[in-house]
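The values are calculated or read from the model by the stated rules, or taken from the named source; none is laboratory data. Since the model is a prediction, treat every value here as computed from it, not as a measurement. Note that each Cβ is placed from the backbone with ideal geometry, even for glycine, and that neighbours are counted across all protein chains shown. The area values use the complete protein model at the heavy-atom level, side chains included, leaving out ligands, DNA and RNA. Shrake-Rupley method; radii C 1.70, N 1.55, O 1.52, S 1.80 Å.
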Amino acid sequence: MFENLSEKLQRVFKNLRGEGKLTEANIQDALREIRLALLEADVNFKVVKQLIEGIKEKSLGQEVVTAFSPTEQVVQIVRDELIRVLGSHESKLRFSNEPPSVFLLTGLQGSGKTTSTGKLALWLSRNGHRPLMVSVDVYRPAARRQLSVIAQSIKLPIFEGKAEGAPESNSPLELATGARREALQTGRDVVLVDTAGRLHIDDELMKELEELRGALNPIEILYVADAMTGQDAVRSADEFHKRLGITGVILTKMDGDARGGAALSIRHVTGQPLKFVGVGEKAEALEPFYPDRIASRILGMGDVLSLIEKVEQTIDHKKALELQERILDNDFTLQDFRDQLRQLRKLGPLESLLGMLPQVGPFQALKGAQVDPKELSHIEAIINSMTFKERLNHQIINGNRRRRIARGSGTTVQEVNQLLKQYAEVRRMMKSFSGGGMKKKLRMMMR
């Protein structure tokens, strides 16, 4: 979502590369371009003013390091100022001393509140907690059903408000207190309350939320904002904070076509930190918000740390070690090739992974690269149409076998030939790792 802003800032830095030193004249030109780039990215004008003043003061002040080139100086200063606006460090969730901790998820209708409740529950469960979800949106049965479906898909419990022999409760307060009571009885340490939303802020909604806050004493009141709505999301978050005292924000649809202004504005306007960002539709697509990493991505430096963490969380380490051994023994088969494609697809859209790489040096050519998921599906279908023996020994795949594989996978013989050619190239590349001294060195590193 920061692509346009990143590209404009890269142009500003490129223009400074020909300068021998920073002067008031060239820094004014750069500041004018940076201001325009930020405003076009829908950043709040007060935030833009603060950023520009901070960059100007440091660029022309005593903090300039003479060992750096003008471009390096400005990039470092802009990064520092972005981090200052976004927050100096990751803002972690708080938990009550006496469980269960109650998290109230609030926001306008359509902001992604219900899906964020499920995503947060999954994130908590993977980080040592035992969450219980409850929907108190008694006005929209579909919203409650949606959370129930999400709970089933991620295999985590939900409190539906039904007791044996008793009718289902239709009071938000009764549902929420019932869920907290259920959590106490079943040893659940976090209760996630998915509150009702409205199309706009109204007194009825706020009174209901204030009643829930008074009865539940939540440790976290999280406002769920849709990044696609830009400054409207920022204004709504500010209103909710004035009435409820929110403790943090979850910004959804960060993988969409939004210009990024909400992410850069929301902390400054509300005074409350961004805690999580939604980066896709899958239940796993929720990430803690790291201000320094986001600043680096905006400036084209990439976010390699997040990429590494995503790989570590997704990849099967036992299979990875087994694959390393087979590569070193020059025994990489088509079955291994297919398994690696499956692991890669688990990481999410490849475009988002490429976006985490630095947009400089050898990675610059990957900028904006489009990867068609259908191509990966075709490759997997072709390999699945092979027999077990064919996957283990590609050399036995003759003309007749290629025609059979093409028919079975719904592809053409040309596509089968292309896959086998790609596999042969990958295998040749891996063979270079299995020779002599290199093999010994890699085995030592694996120990």
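Taking residue 62 as the residue in question, decide whether it is of a type in the set (S, T, N, Q), at pLDDT below 85, over 30 Å from residue 146 (Cα atoms) and open to solvent by less than 50 Å² (accessible area, probe 1.4 Å). Spell out how you get there, then give the answer.
Working: of a type in the set (S, T, N, Q): yes; at pLDDT below 85: yes; over 30 Å from residue 146 (Cα atoms): yes; open to solvent by less than 50 Å² (accessible area, probe 1.4 Å): no.
For residue 62, the condition - of a type in the set (S, T, N, Q), at pLDDT below 85, over 30 Å from residue 146 (Cα atoms) and open to solvent by less than 50 Å² (accessible area, probe 1.4 Å) - is not met.
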Review point. Assuming residue 229 fulfils every condition listed in (1) open to solvent by 30 Å² or more (accessible area, probe 1.4 Å); (2) more than 30 Å from residue 78 (Cα to Cα); (3) touching a residue at least 24 places away in the same chain (Cβ under 8 Å) apart from one, which condition is it?
Key: (2)
Practice item. Select from the stretch 94-106 the residues that are open to solvent by less than 80 Å² (accessible area, probe 1.4 Å) and either out of contact with any Asp or Glu (no Cβ under 6 Å at 6 or more places or on another chain) or without any contact (Cβ under 8 Å) to a residue 12 or more places away in the chain (or both) and list them in ascending order. Key: 95, 96, 101, 102, 104, 106
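Only one of 237, 283 is touching a residue at least 60 places away in the same chain (Cβ under 8 Å) and either in contact with a Gly (Cβ under 7 Å, 6 or more places away or on another chain) or not aromatic (Phe, Trp, Tyr) (or both). Can you tell me which?
On the way: 237 fails: touching a residue at least 60 places away in the same chain (Cβ under 8 Å).
Answer to the selection: 283.
Step by step: first the residues of the stretch 65-90, then only those that are surrounded by fewer than 18 Cβ atoms within 10 Å (Cβ to Cβ) and among the aliphatic types (A, V, I, L, M), then the one that is modelled with the lowest pLDDT. Which residue is that? Spell out the reasoning first.
Taking the stretch 65-90 and keeping what is surrounded by fewer than 18 Cβ atoms within 10 Å (Cβ to Cβ), we get 65-69, 72, 76, 79-80, 84, 88-90.
Okay, now just the ones that are also among the aliphatic types (A, V, I, L, M), so 65, 67.
Working: 65: 49, 67: 46.
By that ranking, first place goes to 67.
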Exercise for review: Starting from residues that are of a type in the set (A, V, I, L, M) and open to solvent by 10 Å² or more (accessible area, probe 1.4 Å), keep the ones in the stretch 205-220 and report whichever is modelled with the lowest pLDDT.
Suggested key: 215
Review point. Going by the structure shown, is residue 370 at pLDDT below 90, in a loop (DSSP other than H, G, I, E, B) and surrounded by 12 or more Cβ atoms within 10 Å (Cβ to Cβ)?
Key: no
Check your understanding: Does any residue in the stretch 118-146 that is touching a residue at least 12 places away in the same chain (Cβ under 8 Å) and over 18 Å from residue 286 (Cβ atoms) come within less than 6 Å, Cβ to Cβ, of a residue that is of a type in the set (A, V, I, L, M) and in a loop (DSSP other than H, G, I, E, B) six or more places away or on a different chain, and which pairs are these?
Key -> 137/196; 139/196
**Study point:** Count of residues meeting criterion [surrounded by fewer than 20 Cβ atoms within 10 Å (Cβ to Cβ) and among the hydrophobic types (A, V, I, L, M, F, W, C)] in the stretch 177-204
**Key:** 3
Review point. Give me the pairs: first residue in the stretch 209-224 and on the phi > 0 side of the Ramachandran plot, second residue surrounded by 15 or more Cβ atoms within 10 Å (Cβ to Cβ) and not small (Gly, Ala, Ser), beta-carbon distance under 8 Å, and six or more apart or on different chains, which are they?
Key: 217/102
Practice item. Sort out which residues of the stretch 125-157 are part of a helix (DSSP H, G or I) and of a type in the set (Lys, Arg), and write them in order of number. Key: 144, 145
Point to revise | Subset of the stretch 373-412 (residues that are assigned to a helix (DSSP H, G or I), among the hydroxyl-bearing types (Ser, Thr, Tyr) and buried (at least 17 other Cβ atoms within 10 Å of the Cβ)) | key: 409
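When you go through 183, 196 one by one, which is the residue that is modelled with pLDDT of 85 or more, closer than 16 Å to residue 117 by Cβ and in contact with a strand residue (DSSP E or B) (Cβ under 6 Å, 6 or more places away or on another chain)? Talk me through it step by step, then tell me what you get.
On the way: 196 fails: in contact with a strand residue (DSSP E or B) (Cβ under 6 Å, 6 or more places away or on another chain).
After applying the criteria, what remains is 183.
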